[in-house]
Amino acid sequence: MSSFVRVYTGDDGESHIEEMSPPFEAFVDTEGAYGEGTPLEAATGITFRRSPPGYFLGWHNAPRRQYTITLSGEAEIEVGDGTVKRVGPGDVLLAEDLTGKGHTTRVVSEETRFYIVVPLA
């Protein structure tokens, strides 16, 4: 099952990680698709990215509020208190730690991490 994770800046100015549960609710779309979905969020675009095994991005903040959805490979996100969260295929990360120390990102799989970034409006 996919996990939903949020990285955010707390009142202490540090980045934190928490599991989140998006508000899924029943829907029927105009063409007849149905099931459960979350409310539509405004986005400014979409990009597909690849990061090779061993990739490491040191302490940084999210450049904007954005979703990152891992399609293949695995990465670890670490925040200042030492908490580490692994994300893999199907996992969704909402990055919104725009200030403070930020977080690190490390590809830990032996395969390239292939992922989608969706910047939010």
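Coordinate-derived values only; no laboratory data. None of the values given here were measured: they were computed from a predicted structure. When we count neighbours, we look across all protein chains shown, and the Cβ atoms used for this are built from the backbone with ideal geometry, even at glycine.
Listing for the model above:
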{"item": "Qualifying GluC sites (Glu not before Pro) in the stretch 33-121, DSSP loop, other Cβ atoms within 10 Å at most 12", "result": "41, 110, 111"}
{"item": "Residues 109, 15, sorted so that the one with the fewest Cβ neighbours within 10 Å comes first", "result": "109, 15"}
{"item": "The stretch 4-119 - Kirkwood radius from inverse mean 1/r over Cα pairs (Å)", "result": "15.1 Å"}
